[in-house]
Each structure stands twice: as structure tokens, then as C-alpha cells.
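The values are calculated or read from the model by the stated rules, or taken from the named source; none is laboratory data. It should be emphasised that the depicted structure is a prediction, and the values quoted were computed from it without experimental measurement. Ideal geometry is used to build each Cβ from the backbone, glycine not excepted, and the neighbour counts take in all protein chains shown. In case anyone asks, the SASA skips ligands and DNA or RNA and just uses the protein heavy atoms, side chains included. Shrake-Rupley method; radii C 1.70, N 1.55, O 1.52, S 1.80 Å.
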Amino acid sequence: ILNVEQSPQSLHVQEGDSTNFTCSFPSSNFYALHWYRWETAKSPEALFVMTLNGDEKKKGRISATLNTKEGYSYLYIKGSQPEDSATYLCALMDTGRRALTFGSGTRLQVQP
Amino acid sequence: NAGVTQTPKFQVLKTGQSMTLQCAQDMNHNSMYWYRQDPGMGLRLIYYSASEGTTDKGEVPNGYNVSRLNKREFSLRLESAAPSQTSVYFCASLTGASGANVLTFGAGSRLTVL
């Protein structure tokens, strides 16, 4: 079983703050790293998929980077807004099987 | 375009009862998945089907069976429900074209076993 770790478990920030979270994973057999955003009472929705070492992706105020050699990815949110409040999940697909292993998520709450 | 449809949305069972969760996708995706979500534990993979005609165990398969009925449908069966199977279940699908594609999730099925 792959071990995908996310930190911190939860985060409270003020509106306007910038923040970042970490996803760590075993670097061997890496195939793809996914980030999902999961709002309460909804289904997870994809933010980014990254496959190459050094990949950087951006969508509005949210961006992500990937380091496959050392086994980590960062998700950044610039100028957090209350609507960014959600759980952010990372997930790893390795070369051994066509399935995603999820971390336990970082729960972000943005106070107005 | 419905995406991934799961039924039922809610179900209450007594210990020992059986039930099947149904999942269908209309996106012509090759791979389908069943995850369960428990507080503080993220999403854990129960079973998956990488392509029509194949199924494989995930991290927590005990107490479950699956059937990939055709390319569209992937069902999850609890033969003898236990309170430990109280959870929210998510079905998801993924096109097999490349590793750059993302999971599309259903709305979830909340199961309570008394």
C-alpha cells in the first residue's frame, strides 16, 4: 500500500492570507500526482494533474509544484477567500496499478 | 451529460443484510473505482476495474464484492453488512487514454449499518 502523506491536517487562515500545503509520497514508481478540491456535501473535483519532475500548474489563485525526485508536491493559495474553504486532497498513481491512492487531506478554513 | 451516477444516495441496513450499490458512467471511460470515505481517513480504495472484464482489490476489499457488468457499469456488493461498513461510498471513473486524466466522481452514497 502506498503511503501518501499530507500536512498539515487542518489550517485556519484569515481572508487575504496566502497559504500552502504539502503532499509527500514515495518517489519510486511515480506515474502521476493529482490534486483535488473537496467541498463539504459535494464530490471531489480535480484541480491539477502533474506527471513530470518540476511541473508547475496554475489555476487562478491556486498553483502547485512537483518534485518527483524527493517525493513531494506543494499546493499554494494566494490571497485566500472564504470560498476556498474545503478539504484539499492529493493522490498518487504509481506504475504498478491504474488506481489513485489518496492522502487524508488538508482541511482549510478561511475566516472572513 | 450525467457523468457518474450512483444509486442509492442513502441507505440504512441492519447487520447481516446485503445490498448492492450501483454506479454508471456515460463518458466512455475505461477505468472505474469504488472508494469509501471515513472521518480523518480521506478516501480509501475498495476495488477497481482498470478495464472492462477486469477487477482488482484496493486497500480495503474485505467484506465487499464487485462486478464490472459492462463498460458503463460497476457495482459494489455488501454480502453481509457490518457496522464497520458504515461510510460514504464514492464511485469514480477515469479514461484510460493517459495518466494525465482525472477522476470524475459520483455524488456519493451514504450507508448506515445498524
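Brief remarks follow.
- Per residue solvent-accessible surface (Å²) - the protein assembly as shown, probe of 1.4 Å: 47 Å²
- Averaging Cα coordinates gives a centre for segment B:1-68 and one for segment A:12-29; these two points are 28 Å apart.
- 18 Å reach of a label modelled at residue A:40, 7 Å along Cα-to-Cβ, counting backbone N of segment A:75-95: A:81-89
- Excluding same-chain neighbours fewer than eight residues apart, the lysines reachable from residue A:58 by a Cα-Cα span under 16 Å are A:78.
- Chain B, accessible surface, carbon-and-sulfur percent (1.4 angstrom probe): 49 percent
- Whether the protein assembly as shown is rounded, prolate or oblate, judged on the alpha carbon gyration tensor where a/c under 1.5 counts as rounded: prolate
- Summed over both chains, the accessible area lost when B and A associate is about 1800 Å², using a 1.4 Å probe.
- Listed by chain and number, the lysines whose alpha-carbon sits under 23 Å from that of residue B:9, ignoring those within fewer than 8 places in the same chain, are A:42, B:71.
- Shielding by partners, peptide A:32-44 (average Cβ within 10 angstrom, other chains): 4
- Calculated P(r) of chain B - Cα pairs past 23 Å, %: 22 percent
- Taking only protein heavy atoms and a 1.4 Å probe, the accessible area of segment A:30-112 is 45% carbon and sulfur.
- Test item: B:53-59 mean partner chain Cβ contacts at 10 Å: 2
- DSSP-loop GluC sites (Glu not before Pro) across segment A:24-99, with at most 14 other Cβ within 10 angstrom: A:39, A:70
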